[in-house]
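Working notes, structure below.
Bear in mind these aren't lab numbers, they're just calculated from the coordinates by the rules spelled out. Just so it is clear, the model here is predicted, and its values are computed rather than measured. Note that we place each Cβ from the backbone using ideal geometry, even for glycine, and neighbour counts take in every protein chain shown.
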C-alpha cells in the first residue's frame, strides 16, 4: 500500500518483497493506491509535483510484476474514513487481503491516524499478516544514510540532474502523453517536434535535454533532443515539452509517446532570431547524440547503488502485534 509516486528504489523494495511473499503464498500481487494524490486533494493550488501520472505509474508497476492495481478515488468520503473502518471495510471485506506489506512511514485513514502499529493489531484481529519495510538508504556525495524518497527525486529534477534522478529511481524519469498539434514552427526550420502539454506533473528545470523516446506501436527506441519550457523566443507562456526525434520518419500526431530524460544539455534561453535558434538546435542535437552514445545511457534500468547488499543484509522486518 502507498502512493508510489515515481516508483523509486525504496518503493521497489516494498513491491519486490511483496512479490516474493505473493509467490510463496501462491496468491496474486496487488498494489493499493489512491488517485488523485492526497496532497492534490488537500492542497489543490500547490504547484504541480507529481513524478508519475497514473498511467505511467501503472505501467511501471506492471513492468515490476504487479498483477492487480487497486486505485481508490481519494475524495472527501475517503479522506474522512477512520483507519479501522478502512482496514475492515476496504482491505478485508472488499479486497480479502491475506498479507499486507507497507513502507516504514506509511500512514492512512482520516488525519493520517493509521500506521503500522494499528495494522499489526488489526491483522491479529482480522487474520491477515503484515510486513513493514525499514528505510532503504544509500550514500550520496560522501554522506551515508540518505533515504530514497519522492521528495529527493523532485529536488534533483528541479536542479536539472536527470542522470542523478535516474539513479534514485532505478529508471529514467519519463513524461508521456498523446502528441498534440503545435505551431509547426519546428518543421519549417528542419527540426519537426512532437509536442506534449504538461498538466498535473512536476516541472523539472527548464531547458534542453537528451532524451530517449518510445512510440506506442513501435518497438524502436529513438534518441532525441527535447526542450522543456515556455519557448521565450516566441513569447509563449504555457509550459510545453517539444521533442525532436533522431532518425524518425512519420506522423506522430495523436500517438502516445514516452520521453525518457537522460541528460541536461543547457538552460532555456531566448534567441534574437530564427537563424540563431537553428544553429543552437543543431549544436544541441550533437551534444545530445554524444550523451546518448554513452553505453551507460543505453540501459533501460540503471544498476542499483548498493541495493542488492541492502536486501541481503537487511531482510524485511515483520511487524509484531502489540
**Request:** Could you tell me how many degrees, from 0 to 90 and to the nearest 10, lie between the Cα long axis of helix 9-25 and the main elongation axis, the longest principal axis, of the Cα atoms of the chain?
**Result:** 50 degrees
**Message:** I'd like the orientation of helix 116-126 relative to the chain: the angle between its Cα long axis and the longest Cα principal axis, in ° from 0 to 90, rounded to 10.
**Reply:** 50 degrees
**Prompt:** Taking only C-alpha pairs under 8 Å that are 6+ residues apart, what is the relative contact order of the chain in percent?
**Reply:** 19 percent
**Complete:** With segment 172-298 reduced to its Cα atoms and the Debye formula applied, log10 I(q)/I(0) at q = 0.12 1/Å amounts to -0.40
**Asked** For Cα Rg over 2.2 N^0.38 Å, the choices are [x] 1.43; [y] 1.10; [z] 1.01; which was calculated from the structure?
**Response** [y]
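What are the semi-axes of the equivalent ellipsoid of segment 92-164, taken as the square roots of 5 times the eigenvalues of the Cα gyration tensor, listed largest first and rounded to whole Å?
Equivalent ellipsoid semi-axes, largest first: 33, 14, 11 Å.
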**Request:** From the C-alpha gyration tensor of segment 247-286, pull out the three semi-axes of the equivalent ellipsoid (sqrt of 5λ each), sorted largest to smallest, in whole Å.
**Result:** 24, 15, 11
**Asked** How far is it, in nm, from the label point at residue 296 to the one at residue 147 when both lie 7 Å from their Cα along the line to the Cβ?
**Response** 2.8 nm
**Request:** For helix 274-292, report the angle its Cα long axis makes with the longest principal axis of the Cα atoms of the chain; keep it between 0 and 90° and round to the nearest 10°.
**Result:** 50 degrees
**Prompt:** Relative contact order for segment 172-298: what is it in percent, counting Cα pairs under 8 Å that are at least 6 residues apart?
**Reply:** 32 percent
**Request:** Report the full-extension gain for the segment residue 99 to residue 230: residue separation times 0.36 nm, less the Cα-Cα distance, to one decimal in nm.
**Result:** 42.4 nm
